[in-house]
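Q: Quick one: the structure is below, questions incoming.
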Amino acid sequence: MDLLSALNELEELIENSGKIPFTRKIMLEEDRMLDLLDRIRTTMPEEIRQAKWIIQEREKVLSDSQKEAIRIIDDAQRQVEKRAEDSEIARQAKIVADEIVAKSEAAAREIREGARGYADEILVNLQDSLGKIMSQIEQGRSELQTMK
């Protein structure tokens, strides 16, 4: 028998007991009343144990939930820190890349200027050589015309 049904029986016993006229007192069957009280006493410890177990389980669930919440928060913080770190790494990589690009452009500019200078020097030498050759051709033609 569970506690609630024993209490319901006790209430029914009280409601159905004989009343003493002109008072709020009732007459109860002592044996039946004591029997119900004994059943309530024996049922209560089991009910209390179940209630304690439920409370303990609730506390365990709450504790586990708090631990899980802390773990989730810690994971989230680590991810935020990693993303921030990745962002910092990306920012630093961009700075290094910009420096490399700037150095490469400067080196390319120097190479182009050097190539232009070299090409100009070659063309000047070629022009001089062609000038000498033209001079020799004119001289050769001149000599041919004087031989006639």
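The values are calculated or read from the model by the stated rules, or taken from the named source; none is laboratory data. Keep in mind it's a predicted model, so treat the numbers as computed, not measured. With ideal geometry, Cβ positions are generated from the backbone for all residues, glycine too; neighbour counts draw on all protein chains shown.
Condition check ((1) over 30 Å from residue 2 (Cα atoms); (2) at pLDDT below 85) across all residues:
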{"position": "46", "(1), (2)": "no, yes"}
{"position": "49", "(1), (2)": "no, yes"}
{"position": "56", "(1), (2)": "no, no"}
{"position": "60", "(1), (2)": "no, no"}
{"position": "64", "(1), (2)": "yes, no"}
{"position": "69", "(1), (2)": "yes, no"}
{"position": "76", "(1), (2)": "yes, no"}
{"position": "80", "(1), (2)": "yes, no"}
{"position": "90", "(1), (2)": "yes, yes"}
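Q: Now for a separate question. Is it the case that residue 127 is at pLDDT below 90, assigned to a helix (DSSP H, G or I) and of a type in the set (S, T, N, Q)?
A: Criteria not met by residue 127.
Q: Consider residue 71 carefully, then state whether it is surrounded by 10 or more Cβ atoms within 10 Å (Cβ to Cβ), over 21 Å from the mean Cα position of the chain (by Cα) and in a helix (DSSP H, G or I).
A: no
Q: Only one of (1) in contact (Cβ under 8 Å) with a residue 24 or more places away in the chain; (2) outside any helix (DSSP H, G or I) is not met by residue 6, so which one is it?
A: Failed condition: (2).
Q: Looking only at the range 3-41, filter to residues that are of a type in the set (Val, Ile, Thr) and over 29 Å from residue 51 (Cα atoms); which one of those is surrounded by the most Cβ atoms within 10 Å (Cβ to Cβ)?
A: Residue satisfying both the conditions and the ranking: 26.
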